[in-house]
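Novice: To start, I am sharing the structure in question, which I have written as structure tokens.
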Amino acid sequence: MIKILMTIFIIQSVFISVRIWGQSFEIQTDDNLELLKIFKTGTSDPVITQNAKKGMRPYLHPIRTPEGKGMLTEIHPSHHLHQTGIYWGLKNVNGRDYFKNYAEDYYQRQSLRIIKKAGETVSWETIYDLINEHGDGILRETQAWSLREEDGCFLLDLEWQGKGLMDVEIEKFFVGGLFMRMPWANGIEGEAINSMGERNSAEAEGHRSVWVDVGMEIADLESWGHIAILDHPDNEAFPTPWRIDGQLGIGPSRQILGDWSLGKDETTVEKYRLVIYSGELDKEKMDGLWKSYVCEN
């Protein structure tokens, strides 16, 4: 009888463990279906919030550490009012600037969809049209996101697809595409480091690299908060050059290399992984995470 009871206890313990692990994230929506909030088991605040308003560029903010603490992103900072946490913004698309402009006369939402609501991995998708001055869609962008946790880090994957709704010309510029704004301020300790070991805009601006990590002091965190972006070999510009500004805003940008275009109904895809954590940057570990990302995809 004792052995039977012990066996039942072990089975129940395993089941509970699996169930808890399998439900480590859950996506909740607001009443207007314009926000997706991703909660992690054991945290009271959402660790990631997807903003997907019908008349504004989609963006992620706020993002917290895997411990559910701090706030690693910022929107509308005084030094760059147009920037919105983590977002995708192209420059000079058929003469229009979708990096600095984010309102309804530039973006129209087509859909917001939860792909996997709960589990070890959750995923969702936004689809927006970039519109011209006449209100006509010129490019349809799909952002497919997925989130999981591994070894104390959030791994947040993005697959971005752009489809030409008409012939599209994207001009060369020093920024354009995926961009990340963390809460930098004068006097704050922080730095951006790329996979070559180059630091900040003075050393790394415009250089090609397979990853860039930004770490800085964050309110309510004992150690620095970090977000790294990993590039992927399937991307057209790989290894992609990076915009790294003086306030530690970063983004890989195909536009840095020159003009590119999309024909009507032609599509292009770019893939990135964001690594979200607190503590110190371990370059060897980040190199390993990049290699794992490449092997997975």
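Each reported figure results from applying straightforward, stated rules to the coordinates on display, with no laboratory input. All figures in this text were calculated on a predicted structure; none of them were measured in a lab. Methodologically, a virtual Cβ is constructed for each residue, glycine included, from the backbone with ideal geometry; neighbour enumeration extends over all protein chains shown.
Novice: For Cα pairs less than 8 Å apart in space and 6+ apart in sequence, what is the mean separation divided by the residue count of the chain, i.e. the relative contact order in percent?
Specialist: Relative contact order for the chain comes out at 16 percent.
Novice: Filter the trypsin sites (Lys or Arg not before Pro) in region 126-209 down to the DSSP loop ones having no more than 15 other Cβ atoms within 10 Å, then list what survives.
Specialist: When the trypsin sites (Lys or Arg not before Pro) of region 126-209 are filtered for loop state and at most 15 Cβ neighbours within 10 Å, 172 remain.
Novice: To continue, here is another question. Fewest first, what order do 61, 207 take by the number of other Cβ atoms within 10 Å?
Specialist: Starting with the residue having the fewest Cβ neighbours, the order is 207, 61.
Novice: Could you give the dipole magnitude of the chain about its Cα centre, charging the beta-carbon of Lys and Arg +1 and that of Asp and Glu -1, in debye to the nearest 20?
Specialist: 780
Novice: What is the angle, in °, between the Cα long axis of helix 2-22 and the longest principal axis of the Cα atoms in the chain? Nearest 10 is fine, range 0 to 90.
Specialist: With both axes taken from Cα atoms, the answer is about 10 degrees.
Novice: In a solvent-free Debye calculation with one equal scatterer on each Cα, what is log10 I(q)/I(0) for region 170-213 at q = 0.21, 0.23, 0.29 Å⁻¹, listed in the order of the q values?
Specialist: Values, matching the q order: -0.85, -0.97, -1.20.
Novice: In nm, to one decimal, how far is the residue 35 label point from the residue 120 one, both placed 7 Å along Cα→Cβ?
Specialist: It works out to 3.1 nm between the two label points.
Novice: With angles folded into 0 to 90 degrees, how steeply does helix 283-296 sit against the dominant principal axis of the chain? Use alpha carbons for both and round to 10.
Specialist: The two axes meet at around 90 degrees.
Novice: Rank the residues 105, 220, 157 as a footprinting-exposure proxy: fewest other Cβ atoms within 10 Å of their Cβ go first.
Specialist: 220, 105, 157
Novice: Let me ask another. Can you list the aspartates and glutamates whose alpha carbon is less than 14 Å from that of residue 291, not counting same-chain residues fewer than 8 positions off?
Specialist: 231, 234
Novice: Sort 272, 128 so the one with the fewest other Cβ atoms within 10 Å of its own Cβ comes first.
Specialist: 272, 128
Novice: Between residue 81 and residue 104, what is 0.36 nm times their sequence separation minus the Cα-Cα distance? Round to one decimal in nm.
Specialist: Working it through step by step, the gained length comes to 6.6 nm.
Novice: Please give the calculated 222 nm ellipticity per residue for the chain, where each DSSP H segment of at least 4 residues contributes -39500 (n - 2.57) and the sum is spread over every residue; nearest 500 deg cm²/dmol?
Specialist: -4500 deg cm²/dmol
Novice: Only sites in a loop by DSSP and with at most 16 other Cβ atoms within 10 Å count here; which trypsin sites (Lys or Arg not before Pro) in region 33-67 make the cut?
Specialist: When the trypsin sites (Lys or Arg not before Pro) of region 33-67 are filtered for loop state and at most 16 Cβ neighbours within 10 Å, 54 remain.
Novice: Just round it to a whole percent: the fraction of Cα-Cα distances in region 156-253 exceeding 24 Å.
Specialist: Of all Cα-Cα pairs in region 156-253, 26 percent lie more than 24 Å apart.
Novice: Could you check the spin-label model distance between residue 199 and residue 238? Points 7 Å from the Cα along Cα→Cβ, value in nm.
Specialist: Roughly 3.0 nm, to one decimal.
Novice: Can you pull the one-decimal nm distance between simple spin-label points at residue 269 and residue 136, each 7 Å off the Cα toward Cβ?
Specialist: For residue 269 paired with residue 136, the spin-label model returns 2.9 nm.
Novice: Along the three principal axes, how long is region 96-175 when you take its alpha carbons, biggest first, rounded to the nearest angstrom?
Specialist: 46, 29, 21
Novice: Another question, if that's okay. Set the Förster distance to 22 Å, then compute FRET efficiency between residue 44 and residue 150 from the Cβ-Cβ distance, nearest 0.05.
Specialist: For residue 44 and residue 150, the calculated efficiency is 0.45.
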